[in-house]
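What follows is a set of notes on a single structure, which appears directly below.
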Amino acid sequence: MSARYEDLTINQGSDVSIEIHCENEDGTLKDLTNYSVNAIMKRNYRDSDGDPYSQAFNGIVSEPASNGIVNISLTNTQTDSLLTRGRYVFDVELSFADSDSNTIVERILEGQIEVSPSVSKP
């Protein structure tokens, strides 16, 4: 499965939940049993994960895992701390250990995020 590209808008100060449906190349649902999710947004591709403007998403494989659904989310506190000038880049990766205990990583979604400022933010 190759990574999809999407541009997203996040409203500052709001809870955000994004549902991603994963399919195999033949169109069947991807069984995500024993997979984990990693998703992060950064101001620049080269920024470190610890950069103060980077934000990790909370990522889970929705049950049942055989339905191939991943959910990434941010709380209103997390989105409230985002900068509203400029864009972020992001990606979502799945990982699992194969039968030889090798970690296999697959990018499923990538793109840019614009943060829409909150009028209510003090």
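Read-outs throughout are calculated quantities, based only on the coordinates presented, and are distinct from any laboratory measurement. Since the model is a prediction, treat every value here as computed from it, not as a measurement. Heads up, the Cβs are rebuilt from the backbone with ideal geometry, glycines too, and the neighbour counts pull from every protein chain shown.
Counting other beta carbons within 10 Å of each residue's own, what order do ASP98, ASP51 fall into, fewest first? Let's see the in-between values first.
On the way: ASP98 8, ASP51 12.
Taking fewest neighbouring Cβ atoms as first place, the list is ASP98, ASP51.
Evaluating 6.51 cos²θ - 1.76 cosθ + 1.60 at θ = phi - 60° for every residue in segment 8-23, the Karplus couplings come out as 10, 10, 10, 7, 4, x, 10, 6, 10, 9, 10, 9, 10, 9, 9, 10 Hz, glycine and proline recorded as x. Segment LEU8..LEU83, full-extension length gain: 25.5 nm, with 0.36 nm per residue of separation and the alpha-carbon distance subtracted. The ellipsoid that matches the Cα gyration tensor of the chain has semi-axes, each √(5λ) in whole angstrom, of 28, 15, 13, with the longest given first.
Neighbour counts of C-beta atoms inside 10 Å place TYR88, TYR45, TYR35 in the sequence TYR45, TYR35, TYR88, starting with the fewest.
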